[in-house]
Amino acid sequence: MVKSAAPVVFVVSSRHTHAAALGGVMPQADIRYVPDSDTLLREAHVYPPHVALLYTDTPGAPLSQVLGILRQRSELLSTQWLAVGTQGLGELLVAGADALISDSSPAEALALQVGTMLGRAQQHRDTLDRVANLQRRIDDLEHEERVRDQLVHMLVHDLKNPISAVMGLLEVVDDDSRIPKDARELLKVARDEAQHLLHLTVNMLDVRKIQAGKMNLRRELMFSPMFAEVIEQARGDVGSGLRDRVITVQVAQNLSPADADPEILRRVLANLISNALKHTSSGGQIAISVQQDGAEAIRISVRDNGEGIPADDIPNLFAAFEQSRLTLHGRFDTGMGLAFCKMAVEEHGGRIWVESERGHGAIFSLVLPLAQDSDDEDDFVELLS
């Protein structure tokens, strides 16, 4: 494609004098005479004009049809089209002409109109250039993010196995009766920290899966006994740190069943209990409750009597890489745990929130919708009745 330094203006007409007259009053423009519509189709591809004057008396295919074709070409997105004449202007306007002017207008008036349209064409080209540059930057950033995401995924995935192996070895050592008491305390710290690392890696993987739409829930009907079992498993996942806390669990009897993935719910509760552990000191209280929430949901709450969460931290608490600035422990946390909780609960069709007041602990609550009766279940009941 050939480009001209001066703005290119096509004069599409049966008379060359139209181009000559405009050239006489616009020496700064590259005025090009186009004798017919067929030549316009060809030349517009080679020399994309900034402005094209379309005289309605131009021979060849109807300009309204030709303009409809030219309007679809990407290289002509910035071109301004000026219909010139006394008849047939309406058809050109419908086909995409940007402005109309009479062919009896003096050359100076015509040049003024063309100058205005040249300014619009240049603004449009500048805008397209900026958009193209921004798109290239976005593409580069997306590429970098994909590479970084893949590297993080590989790193985190590869960390799971050695961490699990370390935890297993620490358990073996802890079972050895020859280990002195003071060494057992160190083993406990090592196991807790290894457990914390495992939680970090699993949460990062889970958040990535949900963001990629690859977290496939394995739903089951969950009644009261299964909720109690999942809570007990979640407590075991948190580790020995809970030995220094006062834990109470209350699961209402005869709950209506919720339709949920028990393994995912177990990890959600493990994160919430771990969070309560992080915000309480030795001897602190953590209360876990499961109860009916109206006629359509089950509410699960994890309450602690820790230091509470500053009000400024609450709005972003469930975002990845965000955490409360006020904690009783210096342990590093990516904030992925609560981010995973929010995504997992919402994937179930529920919601999660926190209530906290400085110095009065925090309550993390989530609701899960009850299982809905399907037509198949209704039919099965009818067959039994």
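Points worth noting:
- Per-pair calculated FRET efficiency, R0 = 25 Å: ASP30 and GLN87 via Cβ, rounded to 0.05: 0.30
- Put simply, the amide H of GLU220, placed in the peptide plane, has neighbours under 5 Å in ALA260, ASP261, leaving out anything fewer than 5 places away on its chain.
- Share of carbon and sulfur in the accessible heavy-atom surface of region 229-302 [1.4 Å probe, %]: 39 percent
- Peptide ranges 20-29, 161-170 listed from the most packed, as the mean C-beta count within 10 angstrom indicates: 20-29, 161-170
- Candidates GLN123, GLN150, GLN285: whichever shows maximal mean-square fluctuation once the chain is modelled as a Gaussian network with Cα springs under 10 Å: GLN123
- Rel. contact order, % - alpha carbon contacts under 8 angstrom, at least six apart, the chain: 10 percent
- For the chain, a simple Cβ point-charge model (Lys and Arg +1, Asp and Glu -1, everything else neutral) yields a dipole of about 1360 debye relative to the Cα centre.
- Over the residues of the chain, the helix contribution to mean residue ellipticity at 222 nm works out to -16500 deg cm²/dmol, using -39500 (n - 2.57) for each DSSP H run of at least 4.
- Just checking the listed ones, ALA83, ALA371, ALA311: in the Gaussian network model of the chain with Cα springs under 10 Å, the one fluctuating most is ALA83.
- The distance from the alpha carbon centre of region 38-98 to that of region 16-31 is 18 Å, rounded to a whole number.
- Equivalent-ellipsoid semi-axes of region 218-302, from the Cα gyration tensor, Å, largest first: 24, 14, 10
- Note on region 89-202: with charges restricted to the Cβ of Lys and Arg (+1) and Asp and Glu (-1), its dipole about the Cα centre is near 220 debye.
- Alpha-carbon Rg with Dmax, taken over the chain, Å: 35.8, 109
- The phi torsions of region 279-296, fed into the Karplus equation with coefficients 6.51, -1.76 and 1.60 and a -60° offset, translate into couplings of 9, 10, 9, 4, x, x, 10, 10, 10, 10, 9, 10, 8, 6, 10, x, 9, 10 Hz, rounded to whole numbers, with Gly and Pro shown as x.
- Take 253-260, 11-18, 264-271, 182-189 and order them by the average number of nearby Cβ atoms within 10 Å per residue, most first; the result is 264-271, 11-18, 253-260, 182-189.
- The phi torsions of region 49-56, fed into the Karplus equation with coefficients 6.51, -1.76 and 1.60 and a -60° offset, translate into couplings of x, 6, 9, 10, 8, 10, 7, 5 Hz, rounded to whole numbers, with Gly and Pro shown as x.
- Taking Lys and Arg as +1 and Asp and Glu as -1, the other residues whose beta-carbon sits under 14 Å from that of ARG130 total +1.
- A Cβ-based charge dipole, computed about the Cα centre of region 1-123 with Lys and Arg at +1 and Asp and Glu at -1, lands at about 260 debye.
- The alpha carbon convex hull volume per residue for region 267-310 rounds to 88 Å³.
- Which of GLN135, ALA234, GLY361, positive extreme of dipole for the chain (C-beta unit charges): GLN135
- For the chain: lysine pairs under 20 Å (alpha-carbon distance), excluding those fewer than 8 apart on one chain: 7
- In this structure, the amide hydrogen of LEU370, modeled 1.01 Å from its nitrogen in the peptide plane, lies closer than 5 angstrom to those of ALA297, ILE298, counting only residues at least 5 positions away or on a different chain.
- Per-peptide average of other Cβ atoms within 10 Å, ordering 288-295, 340-347, 56-63 highest first: 340-347, 56-63, 288-295
- Restricting attention to the chain, close to 55% of DSSP beta bridges with both partner residues there are antiparallel.
- HN-Hα J in Hz across region 83-100 - Karplus 6.51, -1.76, 1.60, θ = phi - 60°, x for Gly and Pro: 7, 10, x, 10, 10, x, 5, x, 5, 5, 5, 5, 6, x, 5, 8, 7, 10
The values are calculated or read from the model by the stated rules, or taken from the named source; none is laboratory data. Just so it is clear, the structure is predicted and the values come from calculations on it, not from any experiment. Don't worry about glycine lacking a Cβ; one is built from the backbone with ideal geometry, like all the others, and counts go over all protein chains shown. For the accessible areas, the whole protein counts, side chains as well, though only heavy atoms, and no ligand, DNA or RNA atoms are used. Shrake-Rupley method; radii C 1.70, N 1.55, O 1.52, S 1.80 Å.
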